[in-house]
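Reading through the structure tokens given below for one structure.
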Amino acid sequence: MLSQKLQKEILKNIENKKQTILFLNRRGYSTFVMCRECGYTVKCPNCDITLTYHMYGNKLKCHYCGYETFPAKTCPNCNSNKIKYFGTGTQKLEDEVKKIFPNASTIRMDIDTVSKKNGHEEILSKFKDENIDILIGTQMIAKGHHFPNVTLVRSSSSRYGTKYRRL
Ligand SMILES: [Zn+2]
Ligand SMILES: [Zn+2]
């Protein structure tokens, strides 16, 4: 998920005590679950949209109505065990960042971490005040906030490779 070039930039930021924001426009661990044998995807019984896997709590969730279910180990359609998680999300990105930069501090901000009252402001102040190295979040973090110490913001909303800009 992170290109060599981006990894180098982040490392430079960490060494210079500068902060980095990585944002994705998807949340959850993976975007969807699919059977590689028959192509079955797990959908919400109420909304007919694909469920998103959340590693925290090991659940599949519907982002529209809040329906939750546990992920099946075998395909409910063809019984094969070739269930695979596709796509990516903020949780997965955070895991990857922690693996690549084990000594860096990270904080994640998305609907799941800010759902409690003032969660949003709390996370942002924490990021600023504690000078956390990397903020990982969904698109909403970019809205209307100024971070004086941030030098690198990356958006992975493009599928044409890594795109990032310096502030
Ligand atoms: Zn639903
Ligand atoms: Zn199947």
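The values are calculated or read from the model by the stated rules, or taken from the named source; none is laboratory data. The structure presented is a predicted model; accordingly, all values stated were derived computationally and were not measured. No Cβ is skipped: glycine too gets one built from the backbone with ideal geometry, and neighbour counts run over all protein chains shown.
Take Y64 and tell me if it is assigned to a loop (DSSP other than H, G, I, E, B), in contact with a helix residue (DSSP H, G or I) (Cβ under 9 Å, 6 or more places away or on another chain) and not small (G, A, S). The answer is no for Y64.
So that you can scan it fast, the table gives a plain yes or no per residue for (1) within 15 Å of ligand 1 (Cβ to nearest atom); (2) modelled with pLDDT under 85; (3) not assigned by TED's automatic domain parsing to the domain that holds V150:
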| site | (1), (2), (3) |
| --- | --- |
| E9 | no, no, no |
| Q19 | no, no, no |
| C38 | no, no, yes |
| Y53 | yes, yes, yes |
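Filtering the range 49-56 for residues that are assigned to a loop (DSSP other than H, G, I, E, B) and either on the phi > 0 side of the Ramachandran plot or over 23 Å from the mean Cα position of the chain (by Cα) (or both) leaves an empty set. Taken over the range 40-51, the criterion of being crowded, with 20+ Cβ neighbours inside 10 Å and more than 14 Å from ligand 1 (Cβ to nearest atom) is satisfied by no residue.
Of all the listed residues (K59, K73), the sole one being basic (K, R) and more than 16 Å from ligand 1 (Cβ to nearest atom) is K73.
Determine whether N79 is farther than 19 Å from K5 by Cα, modelled with pLDDT of 85 or more and not assigned by TED's automatic domain parsing to the domain that holds K8.
For N79, the condition - farther than 19 Å from K5 by Cα, modelled with pLDDT of 85 or more and not assigned by TED's automatic domain parsing to the domain that holds K8 - is met.
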